[in-house]
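Derivation of every value follows stated rules applied to the coordinates shown; laboratory data play no part. All of these numbers come straight from a predicted model, not from anything done at the bench. Here the Cβ is made from the backbone with ideal geometry for all residues, glycine too, and neighbour counts use every protein chain on show.
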Amino acid sequence: MPEDAGGGSSRARRTLSEGLPAPDSPTMRPRGGSFRERASTEEGEMGETPLTAPAQYVQYGSGAPSRVVHLSHRSLGAPTADSEVTRSAGSIAGEHNLGPGTGAPEVVFDESNPALAVVAAARRLLPTRIILVRHGQSEGNADHTLYRARADNLIELTERGSEQATAVGKRIAAIVGDDSMQLVVSPFERTLQTSRNLRLALREGQIQKTTVEPRIREQEFGNLQDDEFKMFREEQQRIGRFWYRFPTGESGADVHGRVSAWWDSAVLTTNLQGLPRVDTLVVVTHGLTMRLILMVLGGWSPNTFHTVWNAENCAMYVLKKDLSLVGRSPYRLDTVAGDSPQSSLRVLVSFKQAEGRAEAVQKLLAAAAAAAAAAAAAAGGGGDGGDGGDGGSGGGVSASAAANAAAPPVSPTVSAPKRKIWPCEGAEVEGCEHPELMCWMALEDYLSLPPPRTMQLDLAKALLAMQHEVEVEWIEAIDFHAGRSGYHHDVAGPSKFR
């Protein structure tokens, strides 16, 4: 058996034992009752309990736990018992739950049980950070018709894409310092070229190993890259990117399956193969794949996945190890060092009756339409787009693109959608008593709501009020499920759907 596939087992065992706590480690005490008791009060986004060992303890040392609103219920964080449900709009503005570490004490296990001792040691040996990088601008991003004439895996970087790759390498170098690294790359030409360019910014010998990994390749769009492809794209928009399977190709769910298998079999065993230990794992892949990796870690539902925008070319998501989190993959998004995923959901908003309120709603709609028209004229079209003709995240120059032009960066984010408010028409308001007091609104930064997200009505109202400059007291109801059969805005939907 090759050494990097599991050989050198004696060295692997010695490395594993180094991760075990010392005999004189601080006293461990249970926190918040048994895990079974706590799981009943910490329901996750999909109504599931965290996938973790049955006996958990907090190792008490210096520094007290701090309250954090987490991204998800499983790997990127779980809502704690002391999470506040109601906060002011001002506090929401300054807090994004994809932020860096919590400062909470490390979660450790009852290591008198040998199996749990192995789990605890494996968690400690995980890389300090994992950096997900989307490839630079490709020929297909610049010309979407190219997919009709050339195989997707053979499409290369443009000159701009090569420059972006060099710049993101400088960003990575500024973050990792002298850390030892492993590079994992999708086998497509555009990702191979991106990895070649970004490694020029790293010192010689810093990368311990490079792996070309087919499981993190782009979604397979099938063999019908001709005029029919536009029709398939339209069908995908109606059905949803996660669910729609291209003829002779893959669905997003198919990609999710192979990404999940890669994470469990390769990422979680990075430092358990008898090879030199690596501190940072850099993964050069595709926009959809990056979102699906976050979905695997965060336990997102498909509906939450659909709210997340595609990353810009050479945007990077930094996952930082945080042993205060439960689960086998204790990572959270560090949006200080890396980029922040953009997320938005169109919701149906009902306003309270008041004198002049209907006129105020109509003014909001008129102002939104004028702003959208002006933005479209200024941008002169859409963004770069994603792989295989995937829609971009808006026109103009994004913050992440600007950061890649001037490394090292300072926490960029992708550009926001152009249109933010839409009128309700026809069947959308059929049977409503006051349709003039209703409109569609873009609820941006949707991921900042703690799961179950569609149950956080007060927080959602505060976000909408802040984003659209209305008084929170104006908002009567938010329908997260509008237009979907089986839901009404007066009936709260089950948490598993978001």
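Give the peptides 140-148, 249-257 in descending order of average Cβ contacts within 10 Å, highest first.
Listed from highest to lowest mean packing, they are 249-257, 140-148.
On a 30 Å Cα-Cα criterion, which of the cross-link pairs K363/K461; K209/K230; K230/K461; K170/K420; K321/K461; K170/K230 come out too long?
K209/K230; K230/K461; K170/K420; K321/K461; K170/K230
With 5 Å bins from zero, work out the P(r) of the stretch 432-486 over every alpha carbon pair and list the percent per bin.
4, 17, 29, 25, 18, 6, 1
For the stretch 137-290, what relative contact order do you get, as a whole percent, if you take Cα pairs closer than 8 Å and at least 6 residues apart?
In percent, rounded to a whole number, it is 27.
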